[in-house]
Each structure stands twice: as C-alpha cells, then as structure tokens.
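Structure first, then comments.
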C-alpha cells in the first residue's frame, strides 16, 4: 500500500532503457511501441475531426437537396459523369499504391517505397488537373456562383425539361464548389505530404522498425479518397433521374 | 506574514536544483520549448492578456448602460464592444483557460508521464492561439466586428460592413489550437499513464479534461467549416446561407450551435474537474461517489451534443423539434446535479479547511447551482419564449461561465500556484479577493435576472428609463468584481519574488503531481512512478499542520 | 409595480398569467433547491471544520443516494418539461378565429398592415378580448417580435413567414422590442403596443378610408396578370385558387403539402419549386417584382377566396370597416 507521498519512495520504478539504435524514439516515450501507438491513435482522432469538418457540408447538402430538389437535379445534370468517374478510378488506384507503399516500408524496400510514393503523388496531381478542367468548364458556362452566374432550364437523361429557378441552381453550385474545393485543398496537402515523405524515404529515414509517418499519411490519404467516394455519387449521380 | 507550509523536514535548500523554470533562461528556451509546463506558462501569460482586454470591453458595456440614453459610446461602438467582449471571452479566454493552462501543466504530471504525447503539436497549439489572437487584435485595430459573437446569417454574411472574414479566420485558427490540445490530451490519457494508473484511479480532473477533449475534437471542426462557409459567402458570393438564393439562415444557426452549445461544456467541465480536486483536498476525503462524478463528465459531454436547438426555440423551428430539444436539454441537468450533490456530500464528516482554493470551491457550488437551475428554467420552453434574448439569459450564462468557470480557474490557480512557481501566495489577500469576487459577481449579475424577466432585451445600447435602477446596481457590482480580479494579478506577481518557498506538497494533497518537487523538474519525475493506490487516498496522507486552523494574518 | 424598480412585468394577455404561474412554480422549486444546497454546504463546512485531533472519516459513496438524486430531479424536471410544453403548444397554435395582421420588419422599423387596410409603423393597435394572429416576415436580416407584457416572442425571418398569436386582456400601452440583434439601431427598433377596449378599437379602425388588404391583393392579382391563368373555373393554365387555402395539395412529384401562407408565398416567388399535379411549370417568378407588402396583400387575397364562400364572416374578415370618410386618418401609410 502506498503510504509516503515523497518522490522516489514509490513501490517500484518502471524506468525503461531507451532502446538502443533508434534515434526516432522521442525522450518522453517509454518505448517505440508506446510511441507508435500514440501516433496512430492521434492520427485516427485527427481523421475524426476531418469527418466532422466535412460533415457540416454534407449536412447542408442533404438539407438543401430536399428543399430544392429540381434545381439540384438540374445542376447535377451539368456535371460530367465521365470526368468524375475517371477521377474516382484515379483515386482508387492511388489508394492502392499507398497501401503497397506502406507494405514496402514495412519490409524495408526503400526504392520500391519511393516509387509508390511518387506514383501516388502523380495520381493525386492527375486528379487535380482533371478537376481543374472541370472547374474551367464551369467558368466558361457561367456556372460559377456570383454576379455573372447564368443558368437556364435543362433536360434530364430522358429528354424531359427540368424547370429550374436559377437562384437555387446557384445554391447547388455554391455547395459543389465549397465541397469539391475543400476536398481539392486536402488533395493538395496530401500531395505535398507524400512528396516530402518520398524525399525523406529516399534519404533512408524509414526502416521496418520505424515507418509510422508513412502509415499515418496513408491513413490521411485513404480518408480523402473516401470523402470523394461520397462526393461523387452525391454531386454527380443520384439527382440525375427526377 | 503567514509563514505557511514549509515543513521543517524539507528545508528549501533547493535553489540550486534544476527545475523546469531555471532549466534555460533564454527567450529561445521559452519560445521553442516543448515542455508542457513551460507551454502552460506561455498560455497563462497570453490568456491573461486577453482576459484583461475582454474585461475592459465589459467595463465599457457596463458604463454605457449606467444611463438609459446612449451617451458614452455611439450605437455602432457599443455593438462592437459587446461583440469583442463576447468573442474574446469565449474564444480566447473561457475555452482555453482551464485546459490550456492548468490542463497543460497538470495532465502529464497527474498521470505520471514525462510530457504530453505530442509536445511539438502542443507548442504548435500555442502558436496557433497566438496567431489567432494577433489576427483578432489586428481586426480590432481596423475597427472590429459588430455582429455579436454568434455572427448570425444573414446579418453577418450580407449586411454588416465590418471585417467578418478576418475575425472569422481568427476564430478558425483558435479552433484548431483547441482541436490539437484536445487530441493531445486524449492520446496522452490513453497511452501515457504510469504503470498501475488504471482508469478508475484517475483523478477527476483528468476525467473532466478527457470529456472536454472529446467535445473539442468532435465539435470544433463543425464551427470551423461553418466559418469557412460564412467567409466564402462574403468573399466569393457562394450563397450557402443567403435566403435570397433559397439558402436557409436557420441552417447556419443549427451548425453554429451544434458546436457552440457543447462549447459551454468545453468551458465548464475542466473547472468542474478542478473543483473535485479542491474539495477532496480541503475536506481531506475521497470524493463521494467517485464513479458517478467521473462518468457524469462523460455523460455531460455526450448529452451536450443533443441539445443545441434549445437556443432556437423562437427562431422558427418546428413545434415538435422544439419540444424534443426541450426534453433532451433536461437530460444534461441530471449529470450536472449529480456532481453538485456529490461535492456537497463529500463535505460530510470531512475535515474542512477554509483555505482560499476551498473558498472558491464553495463559491463555485453556490453559483453553479443558481446558474444550473436558471438553465432548467430556460430549457422549459414556455418560459424560454419570454426569457430568451433577454438579460435573463445573459445572467444565466454568466452565472455558469463566470460563477462557474472563472471561480474554478481561480481556485485551481491558487491551489497549484506553489507547484507551478514554487512559491506560496499571500493567504489573507487571496481570501479578501475571493470575497470581492463573490460579492461583486452576485451584485453584477443577480439584478440581470430581474431585468430579463421584466423584459429588457440583450444587446441593447439604449433602454427604457424604468430599467435604470437595476442597471446601476449591475454596474456597481462590476466595479467590485473588477477589484476582485485585479488583486490576484498584483499579489500573485508579488509572490513570485516575495512569497514563502513552497514545499513539494504544501497542502498534503493526494495526486502524483504532488510527489515531485515544486516546481517540478523538466521531465516531471526522476523515476516513473508506479501507482498502487486509489485516487484521493487522503486517509493515508497526513494533513499539513499549518493549515489545521485558519491562518490569521 | 414600482416605476423605478420594476420587479415583475405587466400581465396583459391571456398567456401572461399561465407563463407566470409556471415561472412561480419554477422559482419555488429552484429556491428550495438553492436553499438546500446553500444551507447544506454552510452547515457541513462549519460542523466539520478542521479541528486539532479530529480526522476526516473516509466514505466511499452510496448507491441509493446516487440513484435517488439522479432519478428524483429527473421527475421534477419532467414536470417542468410537461408544463412548459403545454404552454408552448398553446403559444404556437393560433385559434382558428384569429384576426390576422401582417407584420414586415426591416432595419430598423416594424411595419404593420391590418386586414382592413390600416397601416402603422412601430405601433400596433389591438382590441382586448380578441385573438390576434401576426403573420410576419423580414425584408433584410433576422429580427424578433417581443412583447414582454404578453410573454411572447418570435423571430422574424427573411424569405418566409413566421406567426405569433395573443389575446390581449388589459387596455394600455406596452413595450414592443426587437429581441434579435439586427445591427446599428437594434436597441431603438421598438415601439408601442396599444391595447384598446373593443369599442374604442372599432372607432380607431374606422378612422381613415383604407382599402382592405385583400382588395389591394385583388387589384394586384389583376394588374400582374395572375388572373389570366388562375381563372375561377377549371380552364386556366394554372390551378383555380378558390378554396385552396389551408387545404392539402397534391404535387407533380407525388408529395402532398398544405397550402399555407408559406406555400402561397413560395409559389409566387419560386413557382417551379412545388408544382401542383396536372399543371406545367410555366409560371414566371415574381421575385424582385413584388415587394413584401404586396406579397402580403396577394396572400391575403388568396386566403379570402377560401373564406368568403362558405359563410360570410369567418376568419379575420368580420371587421369590414364601415369606411366613414368623416373621421380623420389616424395613421400614416409609409
């Protein structure tokens, strides 16, 4: 039983020897396992905050879609399913390359790891370029909200006219730009992150004993992908048939 | 002078020993520190500056309301004054005050860790806070904001001419500071506890900060995205909330209160944790019903997310939504009441000292009881329709925020002051200022309950003359309250140089933080402690002789 | 009530007494609770103050007490909830025979339009003993219509109608406040509620040759060309509007909505949003063409098409002014 509150008199001590040969172990952790567990719990919590962050916009989208169904269907009609589907495929492949990269780090294949990281960055950039073309098309069609916004009635896939209040269509495009823009910003951050990791990996910072940053960046990348997996049907697909 | 708390067996031959304060004296060693204790002190300084600033705006408001006419400030300047008061106090004082100062200092110490899990992210949190603060000050110098801290759409998005985007950015950045703090606490509590320190042995302060951190990481991102949407609406005319585009201003209110109601629990929960520590120590007893007090913190955090629309009973939500949110709001009342009853029961058969921290704890119980019960009145929809947006609401939340959070903070600051600085504060002055705070507080805010009930709306620059007497009382109380806040600023600074040297455990308190030296060494513990006892084992710790009877000055 | 130190607001509506009864109940319960906590803390703090030679007595807790002080307060709170909800339900459910008055808020004034055509600014005249329903909208930001003496309050939003009702009981002048912060002159956006005996009110109402609101609406209905499609038979390109008010309407997409004030308003401003089954989306929007006051008149006219036919003198229309030009006009039209 504990009786004395003075330091050092505790029943036992649990001092750990710093693991030799592991410069990545920070001083305040007892061992590498504790450090890894802390980092990965931290990352999962961060992903939770990201979900809440996008959740606000998804909530706004769902409510407005109910309130202004026709306008949202017509707005959705103006998005290119082909480009959207292509981008979805690009992101799914990039998630695969991330997983392969993490695997390469786990088994200590440095060059393979760098290769997969670079491919991931390239795929991410492909996504952004395609997104750029889509945005450009919106500018040309005056579908960017603001004073020059212009939207006329459209026709659905069966050739039926969808009557639209252009103000409500503007609301759809406001949400479209807010949601895809915020997603694209996350993609840009992800590309930057993986570029840095690729350089560090090339310099040999990671080993089978320490590749937590790769793993955590991978988790981030998967989340950004998953958000797109929800954005694509919500914005491009499900309102088309009215 | 009271020569308190220098147990003779631990003579202060300590100035040579290395602790976190004298381990490095350069500015760089402070500004680039990753030591959670130094970061806590950085927060202490910066948060105090904002408290002072927010206090000045409060005084401007009270002086303006001394007379029914708008004679001191112009209408626009008055609107800015209450907006700045609210924004500073909410985002730059109440939210960080206990977690970022006391929490930062104590969480690793209390669980026997060398630091928080992510020390550099902790430092980043402080820099984010400072960046946000400087941005907000810049916004103030450019004329400030006039929307109220709630920045309701469409006033904030379409009508005001003030700099909403900059203020919003400041709040956004401050939000990330608090997200990272919460994330750090959760990981630390999960992964860094000393051997033997199981969840049911954790101090209640840790439970409270854990619950707060849950709210921080779940709620704050929602206000962040809401602010982004307001900003893009103002900057790029993406009309998310604009009713002219078919947008819904009520959606803004829902998103805003989804964070901002739980945010009041971000503020009050850590203070509740402080009060549990104080009462246990100064009654020399384990907290009555430890499990219930610990779980009630989690219950408050969870229920807190289900009640936001009680701010919107007259905003135009449906009849049935209002009834549901009214019912759910009462559910938060239960765990709050459980805490108050348990604290009171802890006093039974205790050995109660009237040291300053305990006086603040008594004050907390009383004022929080009033704040909580008036909260129940406001949750009662039939009453809320009349009371909402009046001074009754203002009085209610000041009873919780100032009577609760601030009393808890001041009590905690005095309690851990010897641990933080290695010096005792002057007891007699501290008791005097606690009295000033209690009396001044009640005189300021009790009349506001009556003002609200007789119908004075909040955020009024002018008011009908029959409300004057009550407003004068309130302003008089605010002056007393100001004295109560200024005194500690003076005597605590004084004590840094002249206060008696504190021993490792001047209060004879339980808790790992008292087992290391005062002030603690940089890595907190020379050897990682192994915990074999339950929390609050006061029956095994001798009470300090000096505090058995009240110290006469 | 003291003029200089008011401790209780005037009671001037049927609701005020009910709200006050509940408030007194809450005050009593809260007062007892506060007293128990305060006295218990004070008593225990003195009785068990630290004294030489006496130790604290360790106590773990008590399941019975914990359950007791969780469950008992919950049931007390349940009484708060039920009583409060009952009052709220009444507050939010205007009686069917209410006199309707339109309110338009803007920074920083209240514009009132009586059905009979009288208009007021920052003043509202109402009779005692009659149910009055306010149908309110805002031209700019959110405002809130607050009459402390009636214990009622309702936010007024741009782009939609919200309603409020009361039955005044005591003649006199009462404060009207804007309770939702709305910008620079928020604190001066108020006025007077003038409650009058019915005879006096009738006299006041009779002053001035005002055109009833639904008549204004009828004129607009013709001027704007609505009448060419919304004919009073079944041949029009738009639905016949007679008798539709407050009735369910089947929409083109299969949903059913009630044709209330908000629906009529939306259908004028945004006709394609909810198209009636069997009709084509051919109606142009009137957003930006009709003002909020004109909208109110149109809505009042559509309503009158539903109430006029079955029996004369139903909702809100029994007070047709006997326009007597001899009386001087009492209020100014903006």
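Mind ranking C:88-95, B:79-86, B:380-387 by how tightly packed they are, going by the mean number of other C-beta atoms within 10 angstrom, highest first?
B:380-387, B:79-86, C:88-95
Normalising by the residue count of chain A, find the relative contact order in percent from Cα pairs under 8 Å and 6+ residues apart.
Answer for chain A is 29 percent.
Once both labels are modelled 7 Å past Cα along the beta-carbon direction, what's the residue B:324-residue A:136 spacing in nm?
4.7
Relative contact order for the range A:76-184 using alpha-carbon pairs under 8 Å, separation at least 6, rounded to a whole percent?
21
Could you give the Stokes-Einstein D for the range C:115-186 in µm² per second, using the C-alpha Kirkwood radius, 4 °C, 1.567 mPa s?
Once the numbers are plugged in, D ends up at 98 µm²/s.
For the pair residue A:161 and residue C:211, how long in nm is the line joining their label points, each one 7 Å along Cα→Cβ?
Simple spin-label model gives 3.4 nm for this pair.
Over the Cα atoms of chain C, Rg to Rh with Kirkwood Rh, two decimal places?
Computed over Cα atoms, the ratio is 1.14.
Show me the ranking of peptides C:54-65, A:177-188 by mean Cβ neighbours inside 10 Å, starting with the highest.
Sorting C:54-65, A:177-188 by mean packing, highest first, produces A:177-188, C:54-65.
With a 10 Å Cβ neighbour count serving as the proxy for reagent exposure, in which order, fewest first, do B:29, B:518, B:271 appear?
B:29, B:518, B:271
Is the shape of the range B:69-177 best called rounded, prolate or oblate, per the rule: a/c under 1.5 gives rounded, else a/b larger than b/c gives prolate, else oblate, with a ≥ b ≥ c the square roots of the Cα gyration tensor eigenvalues?
Prolate, because a/c is 1.5 or more and a/b exceeds b/c.
With each run of n ≥ 4 DSSP H residues scored as -39500 (n - 2.57), what mean residue ellipticity at 222 nm is computed for chain A after dividing by its residue count and rounding to the nearest 500 deg cm²/dmol?
-23500 deg cm²/dmol
Fewest to most neighbouring Cβ within 10 Å: what's the order for A:51, B:275?
If I rank by nearby Cβ atoms, fewest first, I get A:51, B:275.
Can you give the extra length, in nm with one decimal, that the chain gains between residue C:21 and residue C:173 once fully stretched, where that is 0.36 nm per residue apart less the Cα-Cα distance?
Here the answer is 52.4 nm.
Using the eigenvalues of the Cα gyration tensor, what equivalent ellipsoid semi-axes result for the range B:96-251 when each is taken as the square root of five times the eigenvalue, whole Å, largest first?
37, 17, 11
In nm, to one decimal, how far is the residue A:203 label point from the residue B:198 one, both placed 7 Å along Cα→Cβ?
Inter-label distance under the simple model: 4.6 nm.
Pairing the Cα long axis of helix A:32-67 with the longest principal axis of chain A, what angle in degrees results, from 0 to 90 and rounded to the nearest 10?
Its long axis makes an angle of about 20 degrees.
Suppose R0 equals 45 Å; then what is the FRET efficiency for residue C:86 and residue A:92 from their Cβ-Cβ distance, rounded to the nearest 0.05?
According to the calculation, E is roughly 0.20.
Over the range C:68-162, what is the percentage of antiparallel beta bridges among all DSSP beta bridges, to the nearest 5?
65
FRET efficiency for residue B:25 and residue B:291, Cβ-Cβ distance as r, R0 = 41 Å, nearest 0.05?
0.35
Using a 10 Å cut-off around each Cβ of peptide A:61-67, what is the average number of partner chain Cβ atoms that fall inside?
The mean count of partner-chain Cβ atoms within 10 Å per residue comes to 2.
Just the Cα atoms of the protein assembly as shown: what Rg and Dmax do they give in Å?
32.4, 105
Please give the calculated 222 nm ellipticity per residue for chain B, where each DSSP H segment of at least 4 residues contributes -39500 (n - 2.57) and the sum is spread over every residue; nearest 500 deg cm²/dmol?
-20500 deg cm²/dmol
Other chains' Cβ within 10 Å of C:173-181 residues: what's the mean?
Rounded to a whole number, the mean comes out at 6.
Between residue A:85 and residue A:230, what length comes free when the chain is fully extended (0.36 nm per residue of separation minus the Cα-Cα distance, one decimal in nm)?
51.0 nm
Take every DSSP beta bridge with both residues inside the protein assembly as shown and express the antiparallel ones as a percent of the total, to the nearest 5.
Of the beta bridges lying entirely in the protein assembly as shown, close to 70 percent run antiparallel.
Defining a contact as two alpha carbons under 8 Å apart and six or more residues distant in sequence, what relative contact order in percent does chain C show?
RCO, chain C: 17 percent.
Would any residue of the range C:262-303 have its amide N under 16 Å from a label point 7 Å out along Cα→Cβ of residue C:250? List them or say none.
The answer is C:275-280.
Whole number please: convex hull volume per residue, Cα atoms of the range B:74-126, in Å³.
Enclosed volume per residue, from the Cα hull, is 65 Å³.
Report the full-extension gain for the segment residue B:490 to residue B:59: residue separation times 0.36 nm, less the Cα-Cα distance, to one decimal in nm.
Taking 0.36 nm per residue and subtracting the Cα distance, the gain is 153.2 nm.
Take every residue in peptide B:140-151, count the Cβ atoms of other chains within 10 Å of its Cβ, and give the average of those counts.
Average neighbour count from other chains, rounded to a whole number: 1.
Hey, could you grab the Kirkwood Rh for chain A? Inverse mean 1/r over distinct alpha carbon pairs, Å, one decimal.
One decimal place: 20.9 Å for the Kirkwood radius.
FYI, it's all coordinate maths here, none of it is from the lab. Quick caveat, the model's predicted, so the values are computed rather than measured. Using ideal geometry, Cβ is built from the backbone for each residue, glycine included, and neighbour counts are taken over all protein chains shown.
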